Amino acid sequence: MVTSDKLPKAFQLFDKANEQDPNTEKYMGRSYPKEVLYAIRMTEKLNDFAPDASEALRLTARCQHICRWEIPRESYDMNRVGYLKWRQDLKKFHARKATEILEQVGYSQELIDKVAFLLEKKQLKKNEDTQTLEDVICLVFLEYYFEPFAAEHPEDKIIDILQKTWRKMSEKGQEAALQLPLSKKSLVLISKAIEG
């Protein structure tokens, strides 16, 4: 897929914004701002899963969690209603942040609107790019974040989350998930969720 010379500049500015993340994560002996590492993982997973992805999708994957720490989960009611409100507000916040950067880089309004559309996860299961983005998000979650998450929660909650994750994925995404380098314990949990 041919991409413009604006793409590296946009990536650089997305990463610069995410470098302000006060939360850090260690990976392969190196410490990263948490959202910088997440953005790199999203880009790598997209390149692997959908090497012909559009420029809009490549941009969206890189800024999927841009400046997420600015709206902490704890600032909303700690129940399902609060969680859903937090997620909705985050989508709009990410779209706004990404728009500011993409305008600065000089992207067309049409492409900026596409990125905002994808960040708001519109037309899941209907729009190919939205579905690919969701598949990549789920694959990154399963490969890098699922095991630490599973260690902190009861099995019934984990199974429920896995079932919701699985339903959001395409068949291609589900097949890729089963090829991830997961522990035996995680694969058992995924099998239980799929069969349940």
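The values are calculated or read from the model by the stated rules, or taken from the named source; none is laboratory data. Here the structure is a predicted model, which is why all the values come from computation and not from measurement. Neighbour counts are summed over all protein chains in view; Cβ atoms, including those assigned to glycine, are modelled from backbone coordinates with ideal geometry.
Structure data summary
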| item | result |
| --- | --- |
| Exclusive hit being part of a helix (DSSP H, G or I) and touching a Ser or Thr at 6+ places or on another chain (Cβ under 8 Å), set LEU162, LEU124, LEU142 | LEU142 |
| Only one of LEU37, LEU84, LEU59 that is part of a helix (DSSP H, G or I) and either in contact with a helix residue (DSSP H, G or I) (Cβ under 7 Å, 6 or more places away or on another chain) or among the β-branched types (Val, Ile, Thr) (or both) | LEU59 |
| Failed criterion for ALA39 (all others in (1) within 23 Å of THR132 (Cα to Cα); (2) free of Cβ contacts under 8 Å to residues at least 12 places away in the same chain hold) | (2) |
| Residue check, ASP113 closer than 25 Å to LEU90 by Cβ, more than 16 Å from the chain's Cα centre (by Cα) and assigned to a helix (DSSP H, G or I) | yes |
| Among the candidates GLY106, GLY173, residue that is more than 25 Å from TYR76 (Cβ to Cβ) and surrounded by 17 or more Cβ atoms within 10 Å (Cβ to Cβ) | GLY173 |
| One residue from GLU55, GLU25, GLU74 being more than 24 Å from ILE112 (Cα to Cα) and surrounded by 12 or more Cβ atoms within 10 Å (Cβ to Cβ) | GLU25 |
| The lone exception for GLN179 - which of (1) within 27 Å of CYS63 (Cα to Cα); (2) surrounded by 13 or more Cβ atoms within 10 Å (Cβ to Cβ) it fails | (2) |
| Every pair of residues 6+ apart whose Cβ atoms lie under 9 Å, when the first sits in region 140-156 and is closer than 20 Å to GLY196 by Cβ and modelled with pLDDT of 95 or more while the second is surrounded by 13 or more Cβ atoms within 10 Å (Cβ to Cβ) and among the acidic types (Asp, Glu) | none |
| Pick from region 28-46, criterion among the hydroxyl-bearing types (Ser, Thr, Tyr) and closer than 11 Å to GLN64 by Cβ, ranking: surrounded by the most Cβ atoms within 10 Å (Cβ to Cβ) | TYR38 |
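Residue-wise test of (1) within 30 Å of LEU178 (Cα to Cα); (2) in contact (Cβ under 8 Å) with a residue 24 or more places away in the chain.
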| site | (1), (2) |
| --- | --- |
| LEU7 | no, yes |
| GLN12 | no, no |
| GLN20 | no, yes |
| THR24 | yes, no |
| ARG30 | yes, no |
| MET78 | no, no |
| VAL81 | no, no |
| LYS91 | yes, yes |
| HIS94 | yes, yes |
